[in-house]
Amino acid sequence: MKKVGILALQGDFAAHEAAVVRAGGAALLVRAARQFGEIDGLIIPGGESSTMLRLLHYDNLMQPLAQFAREKQVFGTCAGVILLAKTVTSPAQESLAAMDVDVERNAYGRQNESRIVAIEPEADMGADKFEAVFIRAPIIRRAGASVKILARYNGDPVLVEQGLHMGATFHPELTTDTRVHARFLAKL
Ligand code: GLN
């Protein structure tokens, strides 16, 4: 069984842990550098990307995480895809540049910052729509030519894949549909 690490410094890592198990994988909560050697892939959960960055530096995990992302599969959801992006705006902050996407944080605005919508997958994700939960979500403003767009909302990419990595601006761990986590597991 493939073992998926879930970065567990902050955010909704427990929901990802349950979602990985629902999708048929084994989950390990990752809080120390040595654990990167024990996992086949990593999920960076939703939460607050600026807080996660502070904790990554505080725990000396920035370099091991960047190294892991150069070699192995990483799936970032919401704050996680903000950390994987090439550039981040609103406000600008450091990121791993592991995926060729530019993101704008909190891009749906403060008044109407969270919503649940039905999304039609675009590529080999099955024909059924899936529910996408957006919570103070970023918008992917640019996706490079080598980024595959698996789903869009209002024309903007919300589920993307590039090489080893995947990114979602919504929270697939908060619904019972296992397709998104299953796709990540299949990459390991
Ligand atoms: N607004 C958060 C950020 O900028 C992301 C929100 C989330 O992960 N649900 O990091």
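Conditions tested, residue by residue: (1) open to solvent by 40 Å² or more (accessible area, probe 1.4 Å); (2) touching a His at 6+ places or on another chain (Cβ under 7 Å).
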{"residue": "ALA33", "(1), (2)": "yes, no"}
{"residue": "LEU42", "(1), (2)": "no, no"}
{"residue": "GLU48", "(1), (2)": "yes, no"}
{"residue": "HIS57", "(1), (2)": "yes, no"}
{"residue": "GLN73", "(1), (2)": "no, yes"}
{"residue": "GLY76", "(1), (2)": "no, no"}
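Can you pull out the residues in region 136-188 that are part of a helix (DSSP H, G or I), of a type in the set (A, V, I, L, M) and within 16 Å of the ligand (Cβ to nearest atom)? Within region 136-188, LEU174, VAL180 meet the criteria. Inclusion of VAL158 among residues that are of a type outside the set (Phe, Trp, Tyr), modelled with pLDDT of 95 or more and over 14 Å from the mean Cα position of the chain (by Cα) is not warranted. Every condition in (1) assigned to a strand (DSSP E or B); (2) within 10 Å of the ligand (Cβ to nearest atom) is met by PRO91 except one, and the failing one is (1).
Would you confirm, using the coordinates I've provided, whether ALA97 is surrounded by 20 or more Cβ atoms within 10 Å (Cβ to Cβ) and under 16 Å from the mean Cα position of the chain (by Cα)? Please lay out each step first, then the result.
On the way: surrounded by 20 or more Cβ atoms within 10 Å (Cβ to Cβ): no; under 16 Å from the mean Cα position of the chain (by Cα): yes.
Here the answer is no, as ALA97 does not meet what is asked.
Within region 94-105, being part of a loop (DSSP other than H, G, I, E, B) and either more than 8 Å from the ligand (Cβ to nearest atom) or out of contact with any strand residue (DSSP E or B) (no Cβ under 9 Å at 6 or more places or on another chain) (or both) holds for GLU94, SER95, LEU96, ALA97, ALA98, MET99, ASP100.
Of all positions in region 90-110, at least one carries a residue that is at pLDDT below 95 and in contact with a Phe, Trp or Tyr (Cβ under 8 Å, 6 or more places away or on another chain).
Residues in region 57-81 that are within 16 Å of the chain's Cα centre (by Cα) and either assigned to a helix (DSSP H, G or I) or near the ligand (Cβ under 9 Å from one of its atoms) (or both): LEU65, ALA66, PHE68, ALA69, ARG70, THR77, CYS78, ALA79, GLY80, VAL81. Residues in region 23-56 that are closer than 12 Å to GLY80 by Cβ and not in a helix (DSSP H, G or I): LEU42, ILE43, ILE44, PRO45, GLY46, GLY47, GLU48. Scanning region 119-132 for residues being open to solvent by 20 Å² or more (accessible area, probe 1.4 Å) and either at pLDDT 95 or above or within 16 Å of the ligand (Cβ to nearest atom) (or both) gives a total of 1.
The values are calculated or read from the model by the stated rules, or taken from the named source; none is laboratory data. All values reported here derive from a predicted model rather than from experimental measurement. Backbone-built Cβ (ideal geometry, glycine too); neighbour counts: all protein chains shown. The area values use the complete protein model at the heavy-atom level, side chains included, leaving out ligands, DNA and RNA. Shrake-Rupley method; radii C 1.70, N 1.55, O 1.52, S 1.80 Å.
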